[in-house]
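K.L.:
Dropping the structure in here first, questions after.
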Amino acid sequence: MAFSCNSNKVTESEEYKAYLSTTIDNEKLMSNAQFWTDKLKSNPDEFPYLVKRAGEYTQIFNATGNIDYLIKAEKDLIKSIEQTNGIYASQYRALASNYISQHRFKEALELLEKAKENGEKLNSTKKMLFDVHLELGNYMHAESYLEEIKNKSDFDYLIRLAKWEDHKGNLDGAIEQMEKAAAIAEASNLKDIKQWSYTNLADFYGHAGEIKKSYNHYLKALELDPNDAYAKKGIAWILYSHENNPDEALKILDHISTYYHAPDYDLLKAEIADFMNDSELKSEAINNYKEAVRNEMYGDMYNKYNVTLYAEDMLLPEEALAIAKKEVENRPTPQSYDLLAWSYFKIGDVEKANAIVEEYVEGQTYEPGVLYHIAEIYKAVGKTEKVKELKSELVASLYELGPTMAPKIKQL
């Protein structure tokens, strides 16, 4: 047994330990925002100051996960648009970007249509239109915008092409495009886009089973920003799902939670606790999550997680169904329809679940979590051949799904 654990080992604690004692310079983050607040006090009509402060608030949100600052940024951006009577497309794009972070995709689309009409820096608007249409499941629109911004030497185009390839289920193509984007980021030596490409590449490598490459790219991101919570979470996942080292994974998550707060990190803690049969820790983590998402500022950002939690851990499928319906309304993607089908399945309406999967989900997304739901629903309606096909795909995706899913897949 010891041998098999070692052969799975890709992490070196010495390499990432240095990043587990980092702290955020909150004072610096706050003083940057305060600088523009002071300027606004003496010049309240200077709209560029509002835009600058919104940028600083967004940085605080990105660094700490504190939702208050994303909402403060939204208010500043709305105010700046009012002050200028909406004559700048850049302000619409900035607010649309804020709404994307809040999962308010339909509102983001309305803003981007206004920015498009305005015509200023049209290419920047088209890039974001691709993003939003992809999030809304408007795949024909997304593809046509991708065609309009085509430029094989442009970082922004390549990362979108990578997303598109991933959406189509072409992981090798997604990795190829993301590697090209990372090369451009390195050549331009811009820290933010380098860091972004490293974490995204790390994710893709993980999906492809190239765990060592995935780990190395999370480390590369941490070299650039020792506080990158997402990269640390990625390493925690490798320790848990690949190396069977849940204790070490929890240590990393505990460190992250000293400075960064996003409710889904609590759900990962709950999952690891479940794997360890630690019911006390699992219950504590789920309660922390529920407490966090009670904050109305999160809006619909955690609908997906809430559906799964209500349907599975809390055995409240009717509540899950209500949220899933809302999510389909907000965002009619195959993934949202999967949540709807899964809620009906958990209520016991297998026929309805099957009908939704056949019409809106099957063959339209390749996410392992969705494929598992399809397999369970198909098993319930007796489609044994299809379940067999899905089962082999799911076995290949066990790293991504996590070890608690192994027994569930086995019994398909």
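K.L.:
Step by step: first the residues of the stretch 251-291, then only those that are closer than 26 Å to Asp68 by Cα and basic (Lys, Arg), then the one that is most open to solvent (accessible area, probe 1.4 Å). Which residue is that?
P.N.:
Ranking the candidates gives Lys290 first.
K.L.:
Further, regarding this structure: From the set of residues in the stretch 42-63 that are open to solvent by 60 Å² or more (accessible area, probe 1.4 Å) and at pLDDT 95 or above, which is nearest to Ser101 (Cα to Cα)? Before the answer, list the steps.
P.N.:
Taking the stretch 42-63 first, the residues open to solvent by 60 Å² or more (accessible area, probe 1.4 Å) are 42-46, 52, 59, 62.
Retained after the next criterion (residues that are at pLDDT 95 or above): 52, 59, 62.
On the way: Lys52: 18, Gln59: 12, Asn62: 10 Å.
Within the stretch 42-63, the match that is nearest to Ser101 (Cα to Cα) is Asn62.
K.L.:
Condition first: in a helix (DSSP H, G or I) and open to solvent by 50 Å² or more (accessible area, probe 1.4 Å). Now tell me which residues in the stretch 299-308 satisfy that. So that I can check it myself, show each step before the final result.
P.N.:
Going residue by residue through the stretch 299-308, those that are in a helix (DSSP H, G or I) are 303-308.
Once the filter is applied, which keeps residues that are in a helix (DSSP H, G or I) and open to solvent by 50 Å² or more (accessible area, probe 1.4 Å), the stretch 299-308 yields Lys304, Tyr305.
K.L.:
For Glu312, which of the numbered conditions (1) farther than 23 Å from Leu70 by Cβ; (2) modelled with pLDDT of 95 or more fails to hold?
P.N.:
It is condition (2) that Glu312 fails.
K.L.:
Mind listing whichever residues of the stretch 129-159 are of a type in the set (Asp, Glu) and open to solvent by less than 30 Å² (accessible area, probe 1.4 Å)? Outline the logic, then answer.
P.N.:
Start the filter on the stretch 129-159 by keeping residues that are of a type in the set (Asp, Glu), which leaves 131, 135, 143, 147-148, 154, 156.
If the condition is that a residue be of a type in the set (Asp, Glu) and open to solvent by less than 30 Å² (accessible area, probe 1.4 Å), then Asp131 is the only one that fits.
K.L.:
Of the conditions (1) over 25 Å from the mean Cα position of the chain (by Cα); (2) modelled with pLDDT of 95 or more; (3) under 23 Å from Asn227 (Cα atoms), Ala18 satisfies every one except a single condition; which number is it?
P.N.:
(2)
K.L.:
Take the residues in the stretch 21-69 that are touching a residue at least 24 places away in the same chain (Cβ under 8 Å) and outside any helix (DSSP H, G or I), then tell me which one is nearest to Ile81 (Cα to Cα).
P.N.:
If we take residues in the stretch 21-69 being touching a residue at least 24 places away in the same chain (Cβ under 8 Å) and outside any helix (DSSP H, G or I), then Asp45 is nearest to Ile81 (Cα to Cα).
K.L.:
A follow-up question, please. Has the stretch 2-18 got at least one residue that is open to solvent by less than 60 Å² (accessible area, probe 1.4 Å), more than 30 Å from Tyr240 (Cβ to Cβ) and in contact with a Phe, Trp or Tyr (Cβ under 8 Å, 6 or more places away or on another chain)?
P.N.:
Scanning the stretch 2-18, I find no residue that is open to solvent by less than 60 Å² (accessible area, probe 1.4 Å), more than 30 Å from Tyr240 (Cβ to Cβ) and in contact with a Phe, Trp or Tyr (Cβ under 8 Å, 6 or more places away or on another chain), so the answer is no.
K.L.:
Return yes when Leu268 is of a type in the set (A, V, I, L, M, F, W, C) and either more than 18 Å from the chain's Cα centre (by Cα) or modelled with pLDDT under 95 (or both) and no when it is not. Give the derivation first.
P.N.:
Details: of a type in the set (A, V, I, L, M, F, W, C): yes; either more than 18 Å from the chain's Cα centre (by Cα) or modelled with pLDDT under 95 (or both): no.
For Leu268, the condition - of a type in the set (A, V, I, L, M, F, W, C) and either more than 18 Å from the chain's Cα centre (by Cα) or modelled with pLDDT under 95 (or both) - is not met.
K.L.:
Report the residue count in the stretch 169-208 for those that are farther than 16 Å from Pro368 by Cβ and either of a type in the set (S, T, N, Q) or open to solvent by 40 Å² or more (accessible area, probe 1.4 Å) (or both).
P.N.:
Looking only at the stretch 169-208, we keep the residues that are farther than 16 Å from Pro368 by Cβ, and these are 172-173, 175-202.
Okay, now just the ones that are also either of a type in the set (S, T, N, Q) or open to solvent by 40 Å² or more (accessible area, probe 1.4 Å) (or both), so 172, 176-177, 179-180, 183-184, 186-193, 195-197, 199-200.
Count: 20.
K.L.:
Just to be sure before I move on: is Glu296 acidic (Asp, Glu), touching a helix residue (DSSP H, G or I) at 6+ places or on another chain (Cβ under 9 Å) and either open to solvent by 60 Å² or more (accessible area, probe 1.4 Å) or more than 25 Å from His373 (Cβ to Cβ) (or both) in the structure I sent?
P.N.:
On the way: acidic (Asp, Glu): yes; touching a helix residue (DSSP H, G or I) at 6+ places or on another chain (Cβ under 9 Å): no; either open to solvent by 60 Å² or more (accessible area, probe 1.4 Å) or more than 25 Å from His373 (Cβ to Cβ) (or both): yes.
Spelling it out, it is not the case that Glu296 is acidic (Asp, Glu), touching a helix residue (DSSP H, G or I) at 6+ places or on another chain (Cβ under 9 Å) and either open to solvent by 60 Å² or more (accessible area, probe 1.4 Å) or more than 25 Å from His373 (Cβ to Cβ) (or both).
K.L.:
Same structure again: For the stretch 10-20, which residues satisfy the criterion of being without any contact (Cβ under 8 Å) to a residue 60 or more places away in the chain and part of a loop (DSSP other than H, G, I, E, B)?
P.N.:
Residues of the stretch 10-20 that are without any contact (Cβ under 8 Å) to a residue 60 or more places away in the chain, as a first pass: 12, 14, 17.
The answer is Glu12, and nothing else.
K.L.:
Still on this structure: Determine whether the stretch 76-93 contains at least one residue that is under 30 Å from Asp254 (Cβ atoms), open to solvent by 30 Å² or more (accessible area, probe 1.4 Å) and at pLDDT 95 or above.
P.N.:
From the stretch 76-93, those under 30 Å from Asp254 (Cβ atoms) are none; that's our starting set.
No, the stretch 76-93 has no match at all.
K.L.:
Could you check the stretch 379-395 and list, in sequence order, the residues that are among the aliphatic types (A, V, I, L, M) and touching a residue at least 24 places away in the same chain (Cβ under 8 Å)?
P.N.:
Applying the first criterion (among the aliphatic types (A, V, I, L, M)) to the stretch 379-395 yields 380-381, 387, 390, 394-395.
Selection gives Ala380, Val381, Val387, Leu394.
K.L.:
Now a separate question. Mind listing just one residue for me: the one in the stretch 209-218 that is open to solvent by 20 Å² or more (accessible area, probe 1.4 Å) and assigned to a helix (DSSP H, G or I) and, of those, farthest from Ile193 (Cα to Cα)?
P.N.:
If we filter the stretch 209-218 for residues that are open to solvent by 20 Å² or more (accessible area, probe 1.4 Å), which is where we start, we get 209-210, 212-213, 216-217.
Still in the list and also assigned to a helix (DSSP H, G or I): 212-213, 216-217.
On the way: Lys212: 22, Lys213: 19, Asn216: 17, His217: 13 Å.
Looking at the filtered set, the residue picked out is Lys212.
K.L.:
Filter the stretch 315-328 down to residues that are open to solvent by 50 Å² or more (accessible area, probe 1.4 Å), hydrophobic (A, V, I, L, M, F, W, C) and under 21 Å from Glu271 (Cβ atoms), then give me how many there are.
P.N.:
So the first thing to find is which residues in the stretch 315-328 are open to solvent by 50 Å² or more (accessible area, probe 1.4 Å), and the list is 315-316, 318-319, 322, 325-326.
Applying the additional criterion that residues be hydrophobic (A, V, I, L, M, F, W, C) yields 315-316, 322.
Those still in the list that are under 21 Å from Glu271 (Cβ atoms) too: 315-316.
Residues flagged as open to solvent by 50 Å² or more (accessible area, probe 1.4 Å), hydrophobic (A, V, I, L, M, F, W, C) and under 21 Å from Glu271 (Cβ atoms) within the stretch 315-328 amount to 2.
K.L.:
May I pose another question? Only one of Thr333, Thr308 is without any contact (Cβ under 8 Å) to a residue 60 or more places away in the chain and under 22 Å from the mean Cα position of the chain (by Cα). Can you tell me which? Reasoning before the result, please.
P.N.:
Details: Thr333 fails: without any contact (Cβ under 8 Å) to a residue 60 or more places away in the chain.
Unique residue meeting the criteria: Thr308.
K.L.:
Can you work out which of the residues in the stretch 94-128 that are within 19 Å of Gly55 (Cα to Cα), not basic (Lys, Arg) and not in a helix (DSSP H, G or I) is least open to solvent (accessible area, probe 1.4 Å)?
P.N.:
Gln102
K.L.:
Can you tell me how many residues in the stretch 224-247 are open to solvent by 20 Å² or more (accessible area, probe 1.4 Å), in contact with a helix residue (DSSP H, G or I) (Cβ under 8 Å, 6 or more places away or on another chain) and not small (Gly, Ala, Ser)?
P.N.:
Step one: of the stretch 224-247, the residues open to solvent by 20 Å² or more (accessible area, probe 1.4 Å) are 224-227, 230, 233, 237, 241-242, 244-245, 247.
Next, from what is left, pick out any that are in contact with a helix residue (DSSP H, G or I) (Cβ under 8 Å, 6 or more places away or on another chain): 224-227, 230, 233, 237, 241-242, 244-245.
Applying the additional criterion that residues be not small (Gly, Ala, Ser) yields 224-227, 230, 233, 237, 242, 244-245.
So the count comes out to 10.
K.L.:
Still on this model: Going through the stretch 355-378 one residue at a time, which ones are more than 27 Å from the chain's Cα centre (by Cα) and either buried (at least 18 other Cβ atoms within 10 Å of the Cβ) or touching a residue at least 40 places away in the same chain (Cβ under 8 Å) (or both)?
P.N.:
If the condition is that a residue be more than 27 Å from the chain's Cα centre (by Cα) and either buried (at least 18 other Cβ atoms within 10 Å of the Cβ) or touching a residue at least 40 places away in the same chain (Cβ under 8 Å) (or both), then Tyr378 is the only one that fits.
The values are calculated or read from the model by the stated rules, or taken from the named source; none is laboratory data. Note that the structure is predicted; figures quoted are calculated from it, not measured. Here Cβ is always computed from backbone atoms with ideal geometry, including for glycine, and neighbour counts include all displayed protein chains. Accessible surface is based on the protein model in full, side chains and every heavy atom, while ligands, DNA and RNA are left aside. Shrake-Rupley method; radii C 1.70, N 1.55, O 1.52, S 1.80 Å.
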